[in-house]
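What follows is calculated from the coordinates using simple rules that are stated; it is not laboratory data. Keep in mind it's a predicted model, so treat the numbers as computed, not measured. Cβ sites come from the backbone with ideal geometry, for glycine too, and all protein chains shown count toward neighbours.
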Amino acid sequence: MPENLLKCAPGHRMPRAAILMSGGGSNAEKVLEFREKTAAGWLPAVMITDAPGRSRAAEIAAKYGLPFIGLDLRGFYRRHGENKISLATAEGRRLRELWTAALREKIAPFKIDFGVLAGFMPLSNLTGDFPCLNIHPGDLTVERDGRRLLVGLHAIPTELAIINGFTAIRSSVIIAQPYTGAGGEMDSGPILGVSPELELDLQGFTRDALLDIYRRRPAKKPPGGWNDALSRVAAANQERLKEKGDWIVFPQVVNDFAAGRFGQENGQLYYRQEAGWIRTGTIEYKALANS
């Protein structure tokens, strides 16, 4: 019998979720809108941000009547004598654990069953406390030499899709994994769902021209990013993917996960239907009518 990936705390009438975000919050809004539209059986218990001065988290929390937690990551590092929030140093990693512990203390009273990482940027080992669903701007089912190919932050998965000759992109929803410092763990969890494919728009460039730009890049990324045609094309396609990918798959997976429809046995994903558990690969979610 598969083990349900959602394990609710005893006494909960319905699963309680923490929604975590760092920026504009469009994915958080879509998840909350879809929950209300479908009368889904889960409770958004708290809105959390690492960037209270820059994100729309407080605004969205007020709109939906949610408790709000803001714990400024950059400010936390500065108060401890670090201007950079990098995890590349032992001190940076130590501070990240201290910040996570402080956030964990603030979250504890809300009795969270799962998290929704709706554009939450900090690597955080809250992912070891409860399942955290994360939307990823790339197709994580694509592998090469036994490793997921389209990994990384921001528009990196789209750049990788372009330079590797793919003609379409899509979003994935995974259960994010704890960070250990080895790299790549956050994108290594079970893939619960993917969006429909979205055809890449190379904006008048050929793939060979963009590949040539990639090959001419210096070994070290300059401050502020590459700011070349490849990075601009990738960023534009990532933005398109929000509407045609993230906003389709993420709200549906959150509802299905909260309903206890995902299970796992011996590393194999299962999906629970009315007739019981069925063994499945990653589910492709389609756009719903009037969604």
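Sort 254, 249 by Cβ crowding within 10 Å, fewest neighbours at the top. Kindly include the intermediate steps, with their values, before the conclusion.
Working: 254 29, 249 24.
Starting with the residue having the fewest Cβ neighbours, the order is 249, 254.
When the helices in the chain are scored as -39500 (n - 2.57) per DSSP H run of 4 or longer and the sum is shared across all residues, what 222 nm value do you end up with, to the nearest 500 deg cm²/dmol?
Details: 8 runs with 89 residues, N = 291.
It comes out at -9500 deg cm²/dmol, rounded to the nearest 500.
State, as an integer percentage, the relative contact order of the chain based on alpha-carbon contacts under 8 Å between residues 6 or more apart. List each step's numbers first, then the result.
Values: 521 pairs, mean separation 57.9, N = 291.
Relative contact order here is 20 percent.
Among the lysines, select those whose C-alpha is under 26 Å from the C-alpha of residue 7, and discard any that sit fewer than 8 residues away in the same chain.
Straight-line reach from residue 7, under 26 Å: 30, 37, 106, 111.
Charges on Cβ only, +1 for Lys and Arg, -1 for Asp and Glu, centred on the Cα centroid of the range 4-109; of 66, 41, 31, which one is farthest towards the dipole's positive end?
Highest projection toward the positive end goes to 41.
In the range 187-291, which trypsin sites (Lys or Arg not before Pro) fall in coil by DSSP and have 14 or fewer other Cβ atoms within 10 Å?
On the way: sites: 207, 215, 216, 220, 232, 240, 242, 244, 261, 272, 279, 286; in loops: 220, 261, 286.
In loop regions of the range 187-291 (DSSP not H, G, I, E or B), the sparsely surrounded trypsin sites (Lys or Arg not before Pro) are 220, 286.
Among the trypsin sites (Lys or Arg not before Pro) in the range 1-96, which ones are in a DSSP loop with at most 13 other Cβ atoms within 10 Å of the Cβ? Mind listing them? Mind dumping the intermediate values first?
Values: sites: 7, 13, 16, 30, 35, 37, 54, 56, 63, 74, 78, 79, 84, 93, 94, 96; in loops: 7, 13, 54, 56, 84.
Hits after loop and neighbour filter: 7, 13, 54, 84.
Only four residue types carry charge here, +1 at the Cβ of Lys and Arg and -1 at the Cβ of Asp and Glu. Report the dipole size of the range 34-153 about the Cα centre in Debye, rounded to the nearest 20. Before the final figure, lay out each step's value.
Numbers: 18 positive and 13 negative charges, 51 e Å.
Rounded to the nearest 20 debye, it is 240 debye.
Compute the whole-percent fraction of alpha carbon pairs in the range 58-125 spaced more than 17 Å apart.
Every Cα pair in the range 58-125 considered, those over 17 Å come to 49 percent.
Where both partners of a DSSP beta bridge lie in the range 3-284, what percent of those bridges are antiparallel, to the nearest 5? Mind dumping the intermediate values first?
On the way: 21 of 39 bridges.
Counting DSSP beta bridges with both partners in the range 3-284, the antiparallel share is about 55 percent.
Where Rh is the Kirkwood radius over the Cα pairs of the range 82-176, the temperature 4 °C and the viscosity 1.567 mPa s, what D in µm²/s does Stokes-Einstein return?
Values: Rh = 15.3 Å.
The diffusion coefficient I find is 84 µm²/s.
Which semi-axis lengths, in whole Å and largest first, follow from the square roots of five times the eigenvalues of the Cα gyration tensor of the range 36-89?
Values: eigenvalues 188, 28, 14 Å².
Largest first, the range 36-89 gives 31, 12, 8 Å.
Checking the cross-link filter: which lysines have an alpha carbon closer than 22 Å to that of residue 221, excluding same-chain neighbours under 8 positions apart?
Cα-Cα hits under 22 Å: 84.
Can you pull the percent of Cα pairs in the range 3-284 with separation above 24 Å? It would help to have the intermediate numbers written out before the result.
On the way: 20923 of 39621 pairs.
That tail contains 53 percent of the Cα-Cα pairs.
How large is the translational diffusion coefficient of the range 1-112 in µm² per second when you combine the Kirkwood radius over alpha carbon pairs with Stokes-Einstein at 20 °C and 1.002 mPa s?
Details: Rh = 15.7 Å.
The calculation lands on 136 µm²/s.
Could you give the distance between the Cα centres of the range 215-268 and the range 22-93, to the whole Å?
18
For the range 196-291, restrict the atom set to alpha-carbon positions and state the Rg and Dmax in Å.
So, for the range 196-291, Rg and Dmax equal 19.4, 56 Å respectively.
Farthest toward the dipole's positive end in the chain, which of 172, 263, 75, given Cβ charges of +1 (Lys, Arg) and -1 (Asp, Glu) about the Cα centre?
Result: 75, furthest along the dipole toward the positive end.
Give me the compactness ratio for the range 166-249, meaning the Cα radius of gyration over 2.2 N^0.38 Å.
Working: Rg = 15.3 Å, N = 84, 2.2 N^0.38 = 11.8 Å.
Normalised Cα radius of gyration, the range 166-249: 1.29.
Calculate the dipole size of the chain relative to its Cα centre from +1 charges on Lys and Arg beta carbons and -1 charges on Asp and Glu beta carbons; express the result in debye to the nearest 20.
On the way: 37 positive and 32 negative charges, 132 e Å.
Computed charge dipole of the chain: roughly 640 debye.
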